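S.K.: Below is one structure. I have some questions about it.
FYI, it's all coordinate maths here, none of it is from the lab. Just so you know, these numbers come straight off a predicted model, no measurement behind them. Quick reminder, even Gly has a Cβ in these numbers, built from the backbone with ideal geometry, and neighbours come from all protein chains shown.
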Amino acid sequence: MAQKYGLLIDNYWCTGCHSCEVSCKNEHDYPIGQFGIKMLVMGPWELMEEGTWEHTYYPLITSYCDLCADRVAAGEIPACQLHCLASAIEYGPVEDLAAKMAERDRRTTLLIP
Amino acid sequence: MATYIDEHAAPRVRVLEDGTEVHRTSPWSPPGCHGMGCGVLAYVKDGKCVKIEGDPDHPTTKGRLCVRCLRVLDLIYHPDRIVHPMYRDPKDRGNADAWKVVSWDWAYDKIEEEINKCKEKYGPNSLTVLTGTGREAGRYMTNTSARICVTTNQCYTQTGFSCMAPRDTVCSMIGGAGYIEYDFANGLPGRYDDPEYVQPKYLLNWGRDSLRSNPDGTWGHSIIELLKRGTKLINVDPRVNWLSTRALYYMQLRPNTDTALAFGLLRVLIDEDLYDHEFVEKWCYGFDEFKERVMEHTVEWAAEVTEVPAETIRAVARCLAEKPWGLNMGLANDQNPNGVQSVHCLYALVAITGNLDIPGGTNIGWNITLDFGGNQFDNVDGVAGSKKRETVPPNPVTQEQRDSTVGLDVYPIYKLLLGKAVPDEFLPTLETDEPYPVRFCWILHTNPVAPTNTAQPSRWHKALKRMDFVVAQDIFMNPTIASCCDLFLPLATWLEHDGYITQLMGEHPGPVAAMVKAVEPVGDCKSEFEIVHDLAQRPAFRDNFYVDGESKVESIERYISEDLTKVVGFDHDWEYLKEHVQVCRKTEYRKYERGMLRPDGQPGFNTTTGKVELFSLMFAACGGDPLPYYEEPIFSEYWKDDADDLHSCAASRFMADYTNEHPNWKDEYPITITTGARNWASFHSEHRQSKMLREIKPYPVVAMHPDLAEEIGVTEGEWVCIENPWGKCYEKAKITPIIKPNVVMADHGWWYPEEDMSEPNIGGVWKSNINELIPNNLVGHYGFGAPMKCMIGRLSKADHVPLVEHAPQDLPSLQNFPGSIKNDPALQNLMAE
């Protein structure tokens, strides 16, 4: 079976800057209203323990995400990874990313198109 | 001191197989941003920039780039960008259809004619140059004001000069050097892994939303880098913003009570003997008096005033006893009439805990190298730690002009770093001709009618209409130019001209970045430098730019090279900088021990006493209290009219009258309004022309607690009327629990380029003009700090929809200016969309 690739997102440190969305649109020339990756937000709300909060950003890929096949073929990293201000996106073989994910102690998602 | 480069970085320009050139460069403005100098790759094909990406070789940003740069081509090639000089008869001001294209020569003739006319009619200081927040034009503003207009009435229009200058001035008064900033290893070749670096234990983030704005030219996401590596965050903000949710402690203080919170922390450090005795004894002056002042304030008092629990204050103070920690001190300290005192306390907090200039601590900056207040500094030698050399001939303004600069007699502190007109005094001058008329205005890089930095923009709007002649430089038509200006000079963007950027205005180490022209300017646009250069060739101004027959502005290369000599520790010329794109200045620690702060080369600080003056001789010399003190925000139920001469200020004098006349104001206006929070998709009043950026942030919002929303009967996204005795405006409800029920946070900077640009609409600028609610001259004792983050008001559901809303892709344009890209047949192939 061919090696599968994906994106590992460090949601705990994602600051919600929209650079993944816009750089993806730039790369693929997607118009307004269309996305290859779109940031959703959980919260903010206060948790039951006073003074603690839920507020986490979740960039999620759409059916248009091709993991920047052209860039990767040219030896570059995906546009969203390059531009992410919080360096919270990592592209790679799913197995490697899953191994990294297993070691994380914070909110993390693994996205596979 | 040394500099270093990344020897493995890609060449400045490389050419791809299809002929596309890839230029490494750095942005500043226009379009506007703080002078951080992020790394950008500009892909240029057939003379047009076709793609923007982050530059992985930039030593700080490493390819990361925010949405404002990622969509900059929307602006550079926007159909409505003005690319030819335009003139409109002053009698037609406000008529969007009355502009005609003129040549640069015609424009220069007109400028010269109007300058002469104004001087003859009204006197030598009857001209003004208005400036905005720290943009690249700041490098050239003194040339425009002092050498072309030959006036000292250069004015940064923000009420209370509430941006950076208060913080910078306090740092120079107390510490005798530049701004203090947390150490994020920006000037170390190995960055966070450099052997000289120590990981900070804590980052104290105080009133600064760095992530969105790279404030003051620092790299905001260095916070995330530090936190990922284990630094703990302590966040101070009236909201529980996202950073607060990632903090070890957050302190959700009542707006503008910062000084009280700082006193509480200082009290714990002194009470529990947690401060650094060795540093205090060796390097601090006036600790006993300072301590006595601190002891007048209890932790419980601070807790009550700030609404931050006493146990949190104690816990945070105990953290700050552990070295090293960094201070990230922000704009909220400037936009506060009591802000000079909060900065004084915060400087002291860093000093007495021994965190000044240690690895991983809070670094002492060199003096500013941006031409911040050139009138005062021009040709002044011996500025500490700097070796500012002449890049231009002696300033031709007279001492009489300097002495008559509007407002300097009222606020002598403005003479220290700034030497320019005091904004809150200058507005009445424009309105009344007192003490003398000012009737020629050159708007260099600001938009004072938009709700960005002026108090009561409608007063500036009326005042500017009194001018005989107004010239403005920009890339787009904006409400100020549309309503008040006669001559539009179209500017080249950062992709279209050479320049350079020093992070934090040259005060801190790290990359000095080259902005390298990647494409020819669209149409007839010229850079700020070129405009100065062209005017300097004219007989009327020539003598102000030539020494011994030699021009000091003969070329941009020469000008930048000479300007670079002002950058401390940077011994390279433009050619070298341009070749390497980013050249880093190395961090120097413990400069006070190593004789690196004083002109005499001796150890110590460059103050009268050679120490950090906790008891400030400079504040005393400026007619103030040498020690910090807390003042209750004027719009507070706890405010009392109890200030003596040493502490009274324009804000307290205003409030004494206001409460007498309106004793029940609190019942009518129960909400505290804060403004000025930053957005990803815009820089103040700019970027609204980009549809893709409007997709991220289509309209202004006022953030409010669910309880308040319920009380006034609004739901998410509905239009809300925000009003107080001085004005009203409309923004959309954003309902969020992160803000207290009696506080709201209203967006600033909004106007609507898609609307009619003629009077009275002028881009809908009055619809969401939150600054209308801020009266002029509610400033602190030294003329610094206005309560832009602590106003009063009431909110209600809007009784009408104030504007026609459009989906971002459907935003129309009614603009049809003859000098725009869309009206130039030769530029159709460049046009975006």
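S.K.: Which values, in whole Å and largest first, are the semi-axes of the equivalent ellipsoid of region B:1-134 obtained as the square root of 5 times each eigenvalue of the Cα gyration tensor?
M.R.: Computed over region B:1-134, the values are 40, 21, 14 Å.
S.K.: Using r as the Cβ-Cβ distance of B:HIS662 and B:SER458, and R0 as 22 Å, what FRET efficiency do you calculate, to the nearest 0.05?
M.R.: On the way: r = 21 Å, r/R0 = 0.96.
Plugging the Cβ-Cβ distance into 1/(1 + (r/R0)^6) gives 0.55.
S.K.: May I pose another question? Taking loop as defined by DSSP and a crowding limit of 10 other beta carbons within 10 Å, which GluC sites (Glu not before Pro) in region A:24-83 fit? Before the final figure, lay out the partial values.
M.R.: Details: sites: A:GLU27, A:GLU46, A:GLU49, A:GLU50, A:GLU54, A:GLU76; in loops: A:GLU49, A:GLU50, A:GLU76.
Sites meeting the loop and neighbour criteria: A:GLU49, A:GLU50.
S.K.: Return the FRET efficiency for the residue pair B:GLU805, A:THR109: r is the Cβ-Cβ distance, R0 is 45 Å, and the value is rounded to the nearest 0.05. Display every interim value, and only then the final one.
M.R.: On the way: r = 34 Å, r/R0 = 0.75.
The computed FRET efficiency comes out at 0.85.
S.K.: Top mean-square fluctuation among A:GLY16, A:GLY75, A:GLY51, Gaussian network model of chain A, C-alpha springs under 10 Å?
M.R.: A:GLY51
S.K.: What residues have an amide H closer than 5 Å to that of B:GLY793, excluding those fewer than 5 places away on the same chain, when H is modeled at 1.01 Å from N in the peptide plane?
M.R.: It is B:ILE671, B:ILE673, by chain and number.
S.K.: Determine ³J(HN,Hα), in whole Hz, for all residues of region B:631-641 in sequence, where each value follows from phi through the Karplus function 6.51 cos²θ - 1.76 cosθ + 1.60 and θ = phi - 60°; x replaces Gly and Pro.
M.R.: Taking θ as phi minus 60°, the curve returns 10, 4, x, 5, 8, 8, 5, 8, 5, 10, 7 Hz for region B:631-641.
S.K.: Of all DSSP beta bridges in chain B, what percent run antiparallel (nearest 5)?
M.R.: The antiparallel proportion sits near 55 percent.
S.K.: Report the calculated FRET efficiency for B:TYR638 and B:ARG794 (r = Cβ-Cβ distance, R0 = 22 Å), to the nearest 0.05.
M.R.: About 0.65, to the nearest 0.05.
S.K.: Over all Cα pairs of region B:180-364, how is the pair count split among 10 Å bins, expressed in % and running from 0 up to the last occupied bin?
M.R.: Bins of 10 Å from zero give 10, 40, 38, 12, 1 percent of pairs.
S.K.: Grab the Cα-Cα distance for B:VAL15 and B:GLU710, subtract it from 0.36 nm times how many residues apart they are, and report the gain in nm with one decimal.
M.R.: 244.3 nm
S.K.: Over the Cα atoms, compute the radius of gyration (one decimal) and Dmax (the largest Cα-Cα distance, rounded to a whole number) for region B:2-66, in Å.
M.R.: Every Cα atom of region B:2-66 included, Rg and Dmax give 12.6, 40 Å.
S.K.: Give the separation of the Cα centroids, region A:19-83 to region B:506-523, in Å.
M.R.: A separation of 29 Å, based on Cα centres.
S.K.: If you don't mind, there's one more thing I want to ask. For peptide B:239-247, what's the mean number of Cβ atoms from other chains within 10 Å of each residue's Cβ?
M.R.: 5
S.K.: Taking the Cα centre of the protein assembly as shown as origin, work out the dipole magnitude from +1 charges on Lys and Arg Cβ and -1 charges on Asp and Glu Cβ, in debye rounded to 20. Could the numbers behind the result be given before it?
M.R.: Details: 91 positive and 135 negative charges, 180 e Å.
Here the size comes out at about 860 debye.
S.K.: Averaging over all projection directions, find the projected area of the Cα convex hull of region B:75-147 and quote it in nm² with one decimal place.
M.R.: Values: hull surface 27.2 nm².
One quarter of the hull surface, i.e. the mean projection, equals 6.8 nm².
S.K.: Further question on the same structure: Using every pair of alpha-carbon atoms in the protein assembly as shown, split the distances into 20 Å bins beginning at 0 and state the percent of pairs per bin, rounded to integers.
M.R.: 14, 49, 34, 3, 0
S.K.: Roughly speaking, what is the centre-to-centre gap between region B:655-694 and region B:54-79 when only Cα atoms are used, to the nearest Å?
M.R.: For region B:655-694 versus region B:54-79, the Cα centre distance is 30 Å.
S.K.: Is there a quick way to get the dipole size of region B:655-783? I mean about its Cα centre, with the Cβ of Lys and Arg at +1 and of Asp and Glu at -1; what is the value in debye to the nearest 20?
M.R.: 520
S.K.: Using a 10 Å cut-off on Cβ to Cβ distances, tally the other chain neighbours for every residue of A:84-93 and report the average as a whole number.
M.R.: Mean shielding count: 4.
S.K.: With N set to the number of residues, divide the alpha-carbon radius of gyration of region B:168-224 by 2.2 N^0.38 Å and report two decimals.
M.R.: Against the compact-globule rule of thumb, the ratio is 1.26.
S.K.: So, one more: Report, in whole Å, the centroid distance computed from the Cα atoms of region B:120-186 and region B:767-823.
M.R.: So the two Cα centres are separated by 24 Å.
S.K.: Name the residue farthest towards the positive end of the dipole of the protein assembly as shown from the options B:LEU73, B:ILE443, B:SER222, assuming +1 on Cβ of Lys and Arg, -1 on Cβ of Asp and Glu, about the Cα centre.
M.R.: B:LEU73
S.K.: Would you compute, from DSSP H runs of 4+ residues alone, the mean residue ellipticity of chain B at 222 nm, taking -39500 (n - 2.57) per run and dividing by the full residue count, rounded to the nearest 500?
M.R.: Calculated mean residue ellipticity at 222 nm is -7000 deg cm²/dmol.
S.K.: Here is a further query. Can you compute the equivalent ellipsoid semi-axes for region B:627-716, i.e. the square root of 5 times each eigenvalue of the Cα gyration tensor, sorted largest first and rounded to whole Å? List each step's numbers first, then the result.
M.R.: Values: eigenvalues 253, 83, 24 Å².
Taking √(5λ) for each eigenvalue gives 36, 20, 11 Å, largest first.
S.K.: Roughly what % of DSSP beta bridges within the protein assembly as shown run antiparallel, to the nearest 5?
M.R.: 60
S.K.: Going through the cross-link list A:LYS25/B:LYS586; B:LYS465/B:LYS789; B:LYS734/B:LYS767; A:LYS25/B:LYS526, which pairs have a Cα-Cα distance over 26 Å in this structure?
M.R.: The pairs that break the limit, which is 26 Å between Cα atoms, are A:LYS25/B:LYS586; B:LYS465/B:LYS789; A:LYS25/B:LYS526.
S.K.: Can I ask one more? When DSSP assigns beta bridges and you keep just the ones with both residues in region B:635-781, what percent turn out antiparallel, to the nearest 5?
M.R.: Antiparallel bridges: around 50 percent, rounded to the nearest 5.
S.K.: Quick one: net charge of B:TRP106's neighbours, Cβ under 12 Å, K/R +1, D/E -1?
M.R.: On the way: positive: B:LYS100, B:LYS110; negative: B:ASP105, B:ASP109, B:GLU112, B:GLU113, B:ASP524.
Neighbourhood net charge equals -3.
S.K.: Another question about this same structure. Mind checking region B:209-281 for trypsin sites (Lys or Arg not before Pro) that DSSP puts in a loop (not H, G, I, E or B) and that have at most 12 other Cβ atoms within 10 Å?
M.R.: B:ARG229
S.K.: Can you give the Kirkwood hydrodynamic radius for chain A, in Å, rounded to one decimal and based on Cα pairs?
M.R.: By the Kirkwood definition, the hydrodynamic radius is 14.8 Å.
S.K.: Counting residues in region B:423-567 as N, plug N into 2.2 N^0.38 Å and put the Cα Rg over that result.
M.R.: Dividing the Cα radius of gyration by 2.2 N^0.38 Å gives 1.23.
S.K.: Could you work out the local net charge near B:LEU803, counting Lys and Arg as +1, Asp and Glu as -1, over the other residues with Cβ closer than 15 Å to its Cβ?
M.R.: Details: positive: B:ARG688, B:ARG694, B:LYS728, B:LYS732, B:LYS767; negative: B:GLU718, B:GLU731, B:ASP747, B:GLU754, B:GLU755, B:ASP756, B:ASP799, B:GLU805, B:ASP810.
Net charge in that neighbourhood comes out at -4.
S.K.: Taking region B:705-774, which GluC sites (Glu not before Pro) meet the DSSP loop condition and have no more than 15 other C-beta atoms within 10 Å?
M.R.: B:GLU716, B:GLU718
S.K.: Gain in length, B:ARG538 to B:GLU759, computed as 0.36 nm per residue apart minus the alpha-carbon separation, to one decimal in nm?
M.R.: Length gained, B:ARG538 through B:GLU759: 76.0 nm.
S.K.: Could you check the simple spin-label distance between B:ALA621 and B:GLN828, using points 7 Å along Cα→Cβ, in nm with one decimal?
M.R.: The two pseudo-label positions are separated by 6.5 nm.
S.K.: When the expected Rg is taken as 2.2 N^0.38 Å, what fraction or multiple of it is the alpha-carbon Rg of region B:650-810?
M.R.: Rg over 2.2 N^0.38 Å, computed on Cα atoms: 1.08.
S.K.: Using all alpha carbons of chain B, what is the percent of pairwise distances in each 20 Å bin, ordered from the shortest bin to the longest?
M.R.: 16, 52, 30, 2
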